[in-house]
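A.B. asks: Just passing along the structure, written as structure tokens.
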Amino acid sequence: AEKDPKGLILVIADMARSDPPMTSPFVAELARRLQGRSAALALPLTWIEQRLAESNQTIEQLVQIEAQNQATAQVSVSNSIGGLRMLGAMDWREFVESLSMVEQALRHDPADVYSRMDFTTRDNYRHAVERLARTSPLPEFEVAKAAVELAAKVVAKGGADTSRHAHVGHYLIGAGRAELERAAQVRVSPWQRMRRLAARRPLRLYGGSIVALTLLLSVGVVLWASGGLEADFTAVPPGWWLLPAGAALLLAASQLAVALTNWGASLLATPRLLPRMDFSFGIPPASRTLVVVPTLLGSEQGVEHLVEQLEVRFLANRDAQLHFGLLTDFHDSTRETRDEDEVLLRLAREKIEALNRKHNAPMTGARKGDLFFLFHRPRVWNPRERSWMGYERKRGKLADLNALLRGRDSAGPGEGFSLIVGDTSNLLEVRYVITLDTDTQLPRDAARRMAGAMAHPLNRPRYDEERQLVCEGYGILQPRMAVSLPAAGQSRYAQLFGAEPGMDPYTRAVSDVYQDLFGEGSFIGKGIYDVDAFERALKGRFPENRILSHDLLEGCYARAGLLSDVELYEEYPSRYGADVARRHR
């Protein structure tokens, strides 16, 4: 346009015909580009000034307006970004709890437990107050206050189990909920009444439903195959085969009945998280915990792998009140000792001592005794098995360990451990033991969460002297088990039959029929137990050489609970034969 004035006139004419809107961004940008150029470009500016004069505006005014708009937008965007950063850095849990009246009321818990629980448990308590207030004439604050008053009455009266009943959780999510509902004048819906009726007689409902569905399905198929209710079995020659076929059908129908009953149970009972104390800043001395791996020493490579995995578990769960150990036996043998036994023991001892030298120094002053331990038992002669072996295998190892933790001599014929590596001066203070299998992985801070759940007053075990078992609370807590990612991909069999591998980022709690209906879970050998309650419920309970898979029986006497929001990982059998052998045991 600077070199061809005629073309410039044509461009201006086209702009005039198109009638562009004279907005401040358009005028400011066009004026910036034209100003200070050749005299030939003064004509477009003149045309723009004439257009703006028609609306009593000038180029300078629009340029100033556009500059102000850009400054305002810049400040607004800057404030928005700063606000987002502040929202991301803000602790919303603390913010919400500081403004919640229900939170302030529950913090007056007479047992002084509520404020020391983790956020998830406190949030469950607040939601329990919210659900009660929906069908109560009292507001949420008054409902929470009523729970505190009921707990305070227990403290004033005293009693044998003040620690449990003086806690507000006993009335919000525990057995005292009915008492709080009467105090808060809660109206219970018919659906809730039906669910509570099922909860009072869970075994009759669950077992009766399975039996009824099994018979209904079996009889229905037999009648359909025989031609109906009026079929004459004596007149029809092949009718005799329906009787053995019906007996076989009972087995198949029972599987479908169990699946249908479990599905119905999931509708009646919703999964509930067990309450937990907040041990995120460290396990207190009163809840000192020992992590042990009952295993066998078979080869030098195996020993090195065991020690390496023990160190990995420690690195993911570092705590001044947390110790780690190997509970070992030798493999069964026709002889009491083998040539390689001494080599394996010496290697295991050296590895454990090396771990203590490596990791004890940074914890000096916060921990008494050593961090890592080795507890090894000798072989004893088993006349029933006709071999030299570890007494009662894994069950015997745990029994010997419990005796050691309580300063007693072992009651077994092996007389306890033949070799203990590590300073055991503080093991008498251990309250909980986490037992893991050789291939079980302990994720980061999982030990703290498990110990925090065991330490909660509502989960503490209460032993019934008359029935000689744990009747309230839990002596054992079983976490949720998942398949590790490497194990899921090691074979086609593991991919087809293994559970969903890896972490579950979407859910924290899972439904378990036994936990939801009966308030108890199934112990499968990986979990945490209270040493005193475990020993009290199981000491002298089982006969020798009769029980191999003892975990389920231990869970029945010591009362096991499912800790569904804590997940451990283990390998899945890579071959059908290994899976069948595990199920057969």
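A.B. asks: For the stretch 282-353 and the stretch 169-230, what is the separation of their Cα centres, given in Å?
C.D. replies: 47
A.B. asks: Modelled label-to-label distance, Lys539 and Glu179, 7 Å Cα→beta-carbon offset: nm?
C.D. replies: A separation of 3.1 nm, rounded to one decimal place.
A.B. asks: On to the next question. Residue separation times 0.36 nm, minus the C-alpha to C-alpha distance between Glu54 and Leu138: what's the value?
C.D. replies: Result: 23.3 nm gained on full extension.
A.B. asks: For Val380, what residues show an amide H to amide H distance below 5 Å, using hydrogens built from the backbone and excluding near sequence neighbours?
C.D. replies: Met389, Gly390, Tyr391
A.B. asks: With each pseudo-label sitting 7 Å past Cα toward Cβ, what's the Ala354-Lys157 distance in nm, one decimal?
C.D. replies: 6.1
A.B. asks: For Ala199, project a label point 7 Å along Cα to C-beta. Then give me every residue of the stretch 120-143 with its amide nitrogen under 16 Å of that point.
C.D. replies: Flagged as within label range: 124-135.
A.B. asks: To the nearest Å, what is the center-to-center distance of the stretch 422-474 and the stretch 116-142, using C-alpha atoms only?
C.D. replies: Here the answer is 28 Å between Cα centres.
A.B. asks: Still on this structure, please answer the following. Order the peptides 56-67, 516-527 from the highest to the lowest mean number of other Cβ atoms within 10 Å of their residues.
C.D. replies: 516-527, 56-67
A.B. asks: Another one. Restricting to DSSP loop positions (anything but H, G, I, E, B) with no more than 12 other Cβ atoms inside 10 Å of their own Cβ, which trypsin sites (Lys or Arg not before Pro) remain in the stretch 128-216?
C.D. replies: Within the stretch 128-216, the qualifying trypsin sites (Lys or Arg not before Pro) (loop, at most 12 other Cβ atoms within 10 Å) are Arg187.
A.B. asks: What does the charge add up to near Arg134, with Lys and Arg as +1, Asp and Glu as -1, over the other residues with Cβ less than 10 Å from its Cβ?
C.D. replies: 0
A.B. asks: Thr337 versus Ser425, label points 7 Å from Cα toward the beta carbon: distance in nm?
C.D. replies: Reported label-point gap for Thr337 and Ser425 is 3.2 nm.
A.B. asks: If the reach is capped at under 19 angstrom between alpha carbons, list the aspartates and glutamates near Lys153, excluding any in the same chain fewer than eight residues apart.
C.D. replies: Qualifying aspartates and glutamates at Cα under 19 Å: Asp109, Asp112, Glu142, Asp161, Glu179, Glu181.
Only the coordinates and a few stated rules stand behind these numbers; no lab work does. Predicted model only: the values in this text are computed from it and were never measured. Every residue, glycine as well, gets a Cβ built from its backbone with ideal geometry; the counts of neighbours run over all protein chains shown.
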